[in-house]
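Read through the structure below, which is laid out as structure tokens, and then see the notes.
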Ligand code: ADP
């Protein structure tokens, strides 16, 4: 019996000391205490075993002291009745009972939550069966119903063959739970940072094997996490040689001498994604010591291709802006100068440091400042870019002219800036004035030329007719006095007079067309063509020719008799320069060559065609592509006159041709579109717009 007592006491001491050690571990006391505690445990057990000097009452005392004074909770229970036999002070304290008898004699279940009963039964069963219970996780319920997380270890002391008493060693793990949940929260926070950061985050162990891979890394490389975990980083980040070198070798360097140029420093290199696309990245690596003391490596990789492109673009643009001749200035929403280029320094006579941050109005002369402020306000209201011209001059020098162009730069809904570009257009203005003067001179000289051509052709006709008449009289009345050669000369003279007459007639007509007053009105082109057909029906019959009109012809703004002349010229040429037995003329509208404003007509023949090199020549006056007599002769002025008529209608004429197959003439005329009739007086019109200058102070803009 004494031997049994010794054994059970020894077991109890083991239990108490194991419990004590566990408490120390849980309370995060230095683990080196553990062997010491175990040693103490052995010594005590041995003392109980071997030391007969320690009397039973002394051992009891020691036991009681260990039981009651233990910093851990201990409950002694009767395994037969399942009732609590004894509890120690720490358990009483934790349960907040005034007296242990509030628990003693009650079923052990009272210590634990009701809803955990099943688990408790199972644990007690294990305890009964195996004699020990390890780390059963549950809660103890205090008198006022609070639940405290605990683990329960147990050991059974044996009576007569049957287990009769058990010691439950209960460890409060609330602080561990708290630490655990804090740790979990930190882990979650870290994970969410890793998952949601803009950069690709890759974490490797010390051998370079990937242990973490965030969604951005997946997007950058094109590999999902499951495919890369446990693979070597240098296998997964397929980069150019520099990338592999950087990633892999630097880990090794770090491990061998704890020092590398790359660790913690931003490096750029190229990687290849799964589509073999080369991506420029910036990467940074930080070693971190893990739980087991070995280093892990966190790589932060950022795709900088777009950033680099934007930087290059910005450099390009800023170089262009800096170097441009124009003043390129940006203003903030309060009209203060934000940026200032070399052009601005030149035009305004102020360098960058003198201009920056100043209100734009403060560096301008009052007149210009007020005008610019008005325009800036208009710009903000209308949100549409605007331009205006202004001039500066001194009495001493000529005016300088400028064109200002204002644009709104919207950064976002509420923020905006303004770009102000000022171009020195003085030279342009001077050239414009010069061109205008030249145009006036040209107009005068053209008018003189036209009247000269008119007068010459008109006045020369008279003596020419006289020469021709006398030659006819000579031929008719004096033929007997001339020999055969004389008669031949006389015939040539008469023929040349006829040719000269034709040329003069054409010249006269050409100069008339240039000066004629045109009356442009909505005209039905179909009706004009019908009139032309009527006018040449003998020729059509004689040539066995057909005129075919493709589709409906629209109304156009034209002078009726001149349009009749255009169609007549083109149709008769199509018949004249035609070697086919059945000449065919097709007339219609070419929609693809028409515009919103104008209609493009075509007149197509199946004649002899015109070589490519001669397509412009045919529009020059007196230019024929054939000998005088060939194809029925002609003055070579018809197409020149046609071109002049079209141009006076604000249209243009050109041709396409395939020699041997035929020629197509295209010409454009303004659509009628309910326009009012227009009267065109002269053939020469100034194309330069009127001057809009104003402003009048100094030479520079200030
Ligand atoms: P003309 O017919 O009086 O000679 P034009 O000015 O009408 O003068 O034509 C100039 C030249 O262009 C003609 O001599 C002819 O050689 C060529 N030409 C004009 N129309 C056609 C055409 N439809 N097909 C081929 N050649 C043409």
What residue, among those in segment 619-654 that are touching a helix residue (DSSP H, G or I) at 6+ places or on another chain (Cβ under 6 Å) and part of a loop (DSSP other than H, G, I, E, B), is farthest from the ligand (Cβ to nearest atom)? 621
Residue pairs, Cβ under 8 Å, 6 or more apart or interchain, first in segment 625-639 and free of Cβ contacts under 8 Å to residues at least 40 places away in the same chain and farther than 16 Å from residue 506 by Cβ, second part of a helix (DSSP H, G or I) and near the ligand (Cβ under 6 Å from one of its atoms). List them. 625/618
Please find, within segment 655-700, the residue that is nearest to the ligand (Cβ to nearest atom) out of those that are at pLDDT below 70 and at positive phi. 674
Pairs under 7 Å by beta carbon, first residue part of a strand (DSSP E or B) in segment 598-618, partner near the ligand (Cβ under 6 Å from one of its atoms), six or more apart or different chains? 603/574; 605/574; 605/663
Restricting to strands (runs of 3 or more DSSP E) lying wholly in segment 353-444: which have 1 or more residues that are exposed (fewer than 14 other Cβ atoms within 10 Å of the Cβ)? 386-392, 400-410
Do we find a residue being within 30 Å of residue 139 (Cβ to Cβ) and at pLDDT 80 or above anywhere in segment 256-276? no
State whether one or more residues within segment 138-150 are without any contact (Cβ under 8 Å) to a residue 24 or more places away in the chain and either assigned to a strand (DSSP E or B) or more than 21 Å from residue 71 (Cα to Cα) (or both). yes
What's the total number of residues in segment 163-202 that are in contact (Cβ under 8 Å) with a residue 12 or more places away in the chain, more than 30 Å from residue 128 (Cβ to Cβ) and not in a strand (DSSP E or B)? 6
If you go through segment 305-317 one residue at a time, do you hit one that is surrounded by 13 or more Cβ atoms within 10 Å (Cβ to Cβ) and at pLDDT 85 or above? yes
Can you name every one of the helices (runs of 4 or more DSSP H) wholly within segment 492-581 that holds 3 or more residues which are within 16 Å of the ligand (Cβ to nearest atom), over 24 Å from residue 673 (Cβ atoms) and in contact with a strand residue (DSSP E or B) (Cβ under 7 Å, 6 or more places away or on another chain)? 560-576
Index of the failed condition, residue 510 passing every other in (1) out of contact with any helix residue (DSSP H, G or I) (no Cβ under 6 Å at 6 or more places or on another chain); (2) on the phi < 0 side of the Ramachandran plot: (1)
Every listed condition ((1) farther than 30 Å from residue 515 by Cβ; (2) touching a residue at least 12 places away in the same chain (Cβ under 8 Å)) holds for residue 457 save (1)
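The values are calculated or read from the model by the stated rules, or taken from the named source; none is laboratory data. On a predicted model such as this, the values are computed, not experimentally measured, just so you know. Every residue, glycine among them, receives a Cβ derived from its backbone with ideal geometry; neighbour counts consider all protein chains shown.
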